[in-house]
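Written out below as C-alpha cells is the structure these notes cover.
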C-alpha cells in the first residue's frame with residue numbers, strides 16, 4: 001500500500017495550495033485529480049491584493065507577464081459610477097489556466113506527488129482510493145470542489161445555508177480601457193469585466209437564471225455591448241454554478257475540507273481564491289500541530305468577513321432601488337466606498353466604520 005503523510009483529492013487551485021502549504025511544513029504529499037493540467041473554470045479571474053499576498057506566502061510568484069494589474073473596483077449602474085483603489089497594493093487579473101500552471105510548477109518544485117487523469121478518486125472506509133489502489137495517509141484533504149464526493153463520503157455534507165446562482169465567462173480581444181475590475185449592475189444579472197492582458201479582457205456574468213448567456217446579458221448594457229460587438233472572442237463561453245454554502249463542519253477525524261468543498265461564497269465577492277489560499281495555510285499549520293481540531297476554528301474565522309460581504313453584495317443584486325440609493329451615497333462619499341473595499345480585501349476592518357458612516361445606511 002502506498003503511504004503518504006497527506007493525501008489530497010482535487011488538483012484545482014485549492015488542492016494545489018494545500019499541497020504546497022503542507023509540503024512546505026516538511027510532510028510528504030500526494031494529490032490526485034481526474035483532469036489534466038492546466039485546469040480551467042468559468043470565473044472572474046481577478047486576484048485581489050490579499051490573494052496575491054497569500055500566493056507569495058506559498059512561494060507562488062505572479063509576474064506582470066501573467067496578466068494585467070488591477071488598481072481597484074468600479075461599480076456602474078445606469079448613470080451612476082463609483083470607484084475605489086486598493087489601499088496597500090494592486091491586484092492582478094490572470095487567466096485561470098495561467099494561475100493553475102504556476103501552482104502546478106510550485107508543487108512540482110517542492111516534490112508533491114501528483115496523479116493526473118485518475119479515473120476514480122474516492123474515500124472508502126476512511127482510506128483514499130485512486131483507480132482501485134488504496135493509499136495509507138495520516139491526513140486526508142477533500143479539495144474536489146462544489147460537488148465534492150469526498151465531502152459526502154466523509155459525512156460532512158450537512159449545511160447551515162445554501163443558495164445557488166450561475167456564472168458564464170468569455171474573453172475578448174481588445175485594448176483594456178480600464179485598470180479597474182468593473183462591475184455592471186443590471187436588473188437580471190451582473191457583469192464583471194477585467195483586463196487579463198495587454199490586448200484582452202475577461203467578461204463574466206452572474207445570474208439566478210441557468211439559461212442566461214453572455215450575449216443575452218449584454219443586451220441589458222447597450223454601451224458595453226456596442227464597445228465589444230466588433231471584438232473577436234479569444235475563448236469559448238464557459239459556465240459554472242456559484243453556490244453560497246456554509247457547512248456545519250469541515251473536519252471529521254483525519255479528514256479536512258478546503259476550498260469550495262468546504263463551503264463557498266457567491267462569486268460576486270471575487271474572494272473564492274483568497275479564501276482557498278488562506279485555508280491552505282491554516283490547514284498546514286494545523287497538520288504541523290498534529291491535529292485538525294484548530295482548523296475548524298481557523299476556517300470559520302477566515303470565512304467570516306467574506307460571508308458578511310456576500311450578504312451585502314447580494315442585497316445590492318436583489319434590490320435595485322436599494323442598490324441605486326447606496327451607489328448614490330458612494331458617489332457622494334467616495335471615502336465610504338474605499339473603506340468598504342478595504343474591509344472586503346482584508347486591508348481594513350468593520351471597526352474602521354464610524355457612526356457617521358453607518359448613518360448613511362439608516
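The values are calculated or read from the model by the stated rules, or taken from the named source; none is laboratory data. Keep in mind the model is a prediction, meaning the values are calculated, not measured. Glycine gets a Cβ as well: all are built from the backbone with ideal geometry, and neighbour counts include every protein chain shown.
Things to note:
- Test: residue in the range 336-353 that is within 23 Å of residue 147 (Cα to Cα), more than 16 Å from the chain's Cα centre (by Cα) and in contact (Cβ under 8 Å) with a residue 24 or more places away in the chain: no
- If the condition is being within 17 Å of residue 314 (Cβ to Cβ) and either surrounded by 24 or more Cβ atoms within 10 Å (Cβ to Cβ) or at pLDDT 95 or above (or both), then the range 247-268 contributes 263, 264, 265, 266, 267.
- Extreme residue, farthest from residue 8 (Cα to Cα), among residues of the range 73-116 that are in contact with a strand residue (DSSP E or B) (Cβ under 6 Å, 6 or more places away or on another chain) and not in a strand (DSSP E or B): 86
- Test: residue in the range 274-296 that is outside any helix (DSSP H, G or I), surrounded by fewer than 17 Cβ atoms within 10 Å (Cβ to Cβ) and modelled with pLDDT under 95: yes
- Any hit, the range 224-241, residues being in the same structural domain as residue 152 (by TED's automatic domain parsing), surrounded by fewer than 16 Cβ atoms within 10 Å (Cβ to Cβ) and over 23 Å from the mean Cα position of the chain (by Cα): no
- Listed by position, the strands (runs of 3 or more DSSP E) inside the range 117-176 whose residues that are out of contact with any helix residue (DSSP H, G or I) (no Cβ under 6 Å at 6 or more places or on another chain) and touching a residue at least 60 places away in the same chain (Cβ under 8 Å) number at least 3 are 133-142, 159-173.
- Index of the failed condition, residue 69 passing every other in (1) surrounded by fewer than 18 Cβ atoms within 10 Å (Cβ to Cβ); (2) over 28 Å from residue 173 (Cα atoms): (2)
- Residue in the range 84-99 that is crowded, with 19+ Cβ neighbours inside 10 Å, under 22 Å from the mean Cα position of the chain (by Cα) and farther than 23 Å from residue 171 by Cα present: yes
- Screening residue 61 on (1) in the same structural domain as residue 252 (by TED's automatic domain parsing); (2) not in a strand (DSSP E or B) shows it passes everything except condition (1).
- Test set (1) over 16 Å from the mean Cα position of the chain (by Cα); (2) assigned to a loop (DSSP other than H, G, I, E, B); (3) in the same structural domain as residue 254 (by TED's automatic domain parsing) - residue 11 fails condition number: (1)
- Where residue 348 falls short, out of the listed (1) surrounded by 19 or more Cβ atoms within 10 Å (Cβ to Cβ); (2) part of a loop (DSSP other than H, G, I, E, B): (1)
- Residues that are in contact with a strand residue (DSSP E or B) (Cβ under 8 Å, 6 or more places away or on another chain) and within 20 Å of residue 180 (Cα to Cα) number at least 1 in the following strands (runs of 3 or more DSSP E) confined to the range 195-260: 200-207.
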